[in-house]
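Heads up, the thing below is written out as structure tokens.
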Amino acid sequence: MTLETIGIIGGGQLGRMLAIAAARLNFRAVILEPQADCPAAQVANSQIVAAYDDPAALSALASQCRVVTYEFENVPVAAAERLAALCPVFPPPKALDVAQDRLTEKRFLNSCGIETAKFHAVDSQQDLEQALADFGGCGVLKTRRLGYDGKGQQVFRSAGDTPAGAFAAMGSVPLILESLVEFEREVSVIAARGRDGAVKAYDPAENVHRNGILHTSTLPARIGEQTGFAARGAAERLLVALDYVGVIGMEFFVMADGRLIANEIAPRVHNSGHWTEAACAISQFEQHIRAVAGLPLGDPHRHSDCIMTNLLGDDIEDVPFWLARPNALVHLYGKAEARPGRKMGHVTELLR
């Protein structure tokens, strides 16, 4: 049997876990990443060391691969479109275009009948002051592009918070002001759509963040059956609207009445889905490889309750403790330097 190759743009931990999943299904993996000896390349078959938008590198990647995917949403859309003219690229470049701009994302979600927080585009200090006045002086100001893990944000919690100079302080770049949402908890759904249009969704996870970074994901989430059904349904509507192929992560705020407010989407495998490698027969990583390669999607059934904990920075020193825990799966990312807030690994404990 001839081994086929899957290309992965991005060399971080998500690319690493995708490469491992690809190998289990008898695929080779080649990584496109400017950092040599990145975490993904440590377990892949080869690496192209080049910028994500390097034309020669994209051509070389396409020439080697049956299909190309990516591990993060900030791949340049033009690069993905160039690549798609040479070989199949999943998820489609349209998904990148929607997810890379928070304003475009919110509008697209609303067009799918999915509720979000109220929002205003902010392109000047005057826009910001008018938007804050509309929201009673409260809101979350975010960069429209390139923000992650709580970066590129400023919160206004009362009319007394002064916005003076806030637009300039945020870099005078296009921004979005979102209304504050009084929610009970945060949940996320990991879902997948195959090349044949089949959709499978995992159980919603309940997430806790610290300093804007995911700390834990717990299953089952403390939500009602109808809320879980609505979350999976919203993810399916989004996947169909994007003509999506692959795994997507979708985050929600859960209101006191069980209603869902969509927060953001990630057109890739997602940190809040890491628990699937321990608590499901088919992990989100294998599900993604199955989807982009045109294989049947796996059953997303969860066989165990669990809690996934991110290991950030110096948390790597706690690995011996986690290794001694019963029913704990430890997964480390091959990063040599532990920095504050840097994701070094995760651990999933099966609870029953």
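The values are calculated or read from the model by the stated rules, or taken from the named source; none is laboratory data. All values derive from a computational prediction rather than experimental measurement. Heads up, the Cβs are rebuilt from the backbone with ideal geometry, glycines too, and the neighbour counts pull from every protein chain shown.
I need a count of the residues in the stretch 108-128 that are among the basic types (Lys, Arg) and outside any loop (DSSP other than H, G, I, E, B).
Initially, the stretch 108-128 is screened for residues among the basic types (Lys, Arg), giving 118.
Subset that is outside any loop (DSSP other than H, G, I, E, B): none.
Counting residues in the stretch 108-128 that are among the basic types (Lys, Arg) and outside any loop (DSSP other than H, G, I, E, B) gives 0.
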Inset, instruction - Having 2 or more residues that are buried (at least 22 other Cβ atoms within 10 Å of the Cβ) and either of a type in the set (A, V, I, L, M) or within 17 Å of the chain's Cα centre (by Cα) (or both) is the bar; report the strands (runs of 3 or more DSSP E) wholly within the stretch 256-352 that clear it. - result: 260-266, 306-312, 343-350
Inset, instruction - Of the numbered conditions (1) touching a residue at least 60 places away in the same chain (Cβ under 8 Å); (2) in contact with a strand residue (DSSP E or B) (Cβ under 6 Å, 6 or more places away or on another chain), Ala221 fails exactly one; give the number of that condition. - result: (1)
Legend entry - Criterion violated by Ser158 - all others in (1) over 20 Å from the mean Cα position of the chain (by Cα); (2) touching a residue at least 24 places away in the same chain (Cβ under 8 Å); (3) assigned to a loop (DSSP other than H, G, I, E, B) satisfied: (2)
Legend entry - Residue that is surrounded by the most Cβ atoms within 10 Å (Cβ to Cβ), among those in the stretch 53-85 that are among the β-branched types (Val, Ile, Thr) and outside any loop (DSSP other than H, G, I, E, B): Thr69
Inset, instruction - List every residue pair whose Cβ atoms sit under 9 Å apart, with the two residues 6 or more apart in sequence or on different chains, where the first one lies in the stretch 56-82 and is outside the structural domain of Gly246 (by TED's automatic domain parsing) and the second, anywhere, is charged (D, E, K, R) and surrounded by 22 or more Cβ atoms within 10 Å (Cβ to Cβ). - result: Thr69/Arg268; Tyr70/Arg268; Glu71/Arg16; Glu71/Arg268; Phe72/Arg268; Glu73/Arg268
Inset, instruction - Just give me the residues in the stretch 71-86 being modelled with pLDDT of 95 or more, in contact with a Leu (Cβ under 8 Å, 6 or more places away or on another chain) and not charged (D, E, K, R), in sequence order. - result: Val77, Ala79, Ala80, Leu83, Leu86
Legend entry - Arg102, sole failed condition from (1) touching a Leu at 6+ places or on another chain (Cβ under 8 Å); (2) surrounded by 15 or more Cβ atoms within 10 Å (Cβ to Cβ); (3) farther than 27 Å from Pro55 by Cβ: (1)
Inset, instruction - Just name the residue that is nearest to Glu349 (Cα to Cα) out of those in the stretch 206-239 that are of a type outside the set (Lys, Arg) and assigned to a loop (DSSP other than H, G, I, E, B). - result: Pro220
Inset, instruction - Identify, by number, the condition in (1) touching a residue at least 60 places away in the same chain (Cβ under 8 Å); (2) touching a helix residue (DSSP H, G or I) at 6+ places or on another chain (Cβ under 6 Å) that Ala191 doesn't meet. - result: (1)
Legend entry - Unmet criterion (only one of (1) outside any loop (DSSP other than H, G, I, E, B); (2) over 26 Å from Leu18 (Cα atoms); (3) among the hydrophobic types (A, V, I, L, M, F, W, C)) for Phe183: (1)
Legend entry - Test for Leu96: is it crowded, with 22+ Cβ neighbours inside 10 Å, not in a loop (DSSP other than H, G, I, E, B) and not assigned by TED's automatic domain parsing to the domain that holds Ala19: yes
Inset, instruction - Give the stretch 32-52 a look and list any residue that's closer than 18 Å to Asn74 by Cα and surrounded by fewer than 16 Cβ atoms within 10 Å (Cβ to Cβ), or say none. - result: Pro34, Gln35, Ala51
Inset, instruction - Would you be able to say whether some residue in the stretch 25-39 is free of Cβ contacts under 8 Å to residues at least 60 places away in the same chain, assigned to a loop (DSSP other than H, G, I, E, B), under 21 Å from Val330 (Cβ atoms) and touching a helix residue (DSSP H, G or I) at 6+ places or on another chain (Cβ under 6 Å)? - result: no
Legend entry - Pairs with Cβ under 7 Å, 6+ apart, first in the stretch 247-265 and under 18 Å from Arg237 (Cβ atoms), second of a type in the set (Phe, Trp, Tyr) and crowded, with 22+ Cβ neighbours inside 10 Å: Leu260/Phe252; Ile261/Phe252; Ala262/Phe252; Asn263/Phe252
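Let me confirm something: among Glu349, Glu251, Glu277, which residue is under 29 Å from Glu182 (Cα atoms) and touching a Ser or Thr at 6+ places or on another chain (Cβ under 9 Å)? Break it down stepwise before answering.
Working: Glu349 fails: under 29 Å from Glu182 (Cα atoms); Glu277 fails: under 29 Å from Glu182 (Cα atoms).
Matching residue, one of Glu349, Glu251, Glu277: Glu251.
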